[in-house]
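What follows draws every value from the coordinates through simple rules; no lab data is involved. Predicted model only: the values in this text are computed from it and were never measured. Because the Cβ atoms are built from the backbone with ideal geometry, glycine has one as well, and the counts that use them run over all protein chains shown.
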Amino acid sequence: MATTLSTTFRLASLTGTDPVSISIAPTLSIGVPSSSGSIETSEASSESILSASSEVDSYLFVRNTGASTDGNVLVTTGSSNNVGLLKPQDFLFIPLKSLVGCRVAYDTAATSLDWFLWTRS
């Protein structure tokens with residue numbers, strides 16, 4: 001059974017040479033399965049969040065929940081292409097194509113992260 005994921009995203013800055021004010025609130029259609037987890041990174045860690053053999057399109061949210069003195073997290077596709085570098089408290093929300101996969105890996109020091117994955121319908 002399909003359901004929806006309500007979202008709100010806002011960027012606002014009046015400083016600098018390019019002031020920005022963007023606010024969107026799309027409702028995304030999602031289906032099962034969905035999953036989530038928490039990961040503690042270490043020098044040897046490279047954790048798969050979504051297998052490259054997954055045959056469904058997905059939405060992925062990853063947030064580095066570490067403190068300001070903790071490390072960064074690399075977010076990569078299944079083919080090892082870097083798609084994100086998350087410093088403490090940074091986040092990433094991305095629609096992933098089927099058969100791409102996603103991994104998170106230790107970058108500079110140990111940290112913790114939370115992730116959520118929804119099937120896109």
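I'd like the full set of residues that are closer than 19 Å to residue 7 by Cβ and either of a type outside the set (A, V, I, L, M, F, W, C) or outside any strand (DSSP E or B) (or both), limited to segment 57-77.
Residues satisfying the conditions are 57, 58, 59, 63.
Inspect all residues belonging to segment 48-69 and state whether any of them is small (Gly, Ala, Ser), at positive phi, loosely packed, with under 13 Cβ neighbours inside 10 Å and without any contact (Cβ under 8 Å) to a residue 60 or more places away in the chain.
So far as segment 48-69 goes, no, none of its residues is small (Gly, Ala, Ser), at positive phi, loosely packed, with under 13 Cβ neighbours inside 10 Å and without any contact (Cβ under 8 Å) to a residue 60 or more places away in the chain.
May I ask you to list the residues in segment 3-24 that are closer than 19 Å to residue 60 by Cβ and either in a strand (DSSP E or B) or aliphatic (A, V, I, L, M) (or both)?
3, 4, 5, 6, 9, 24
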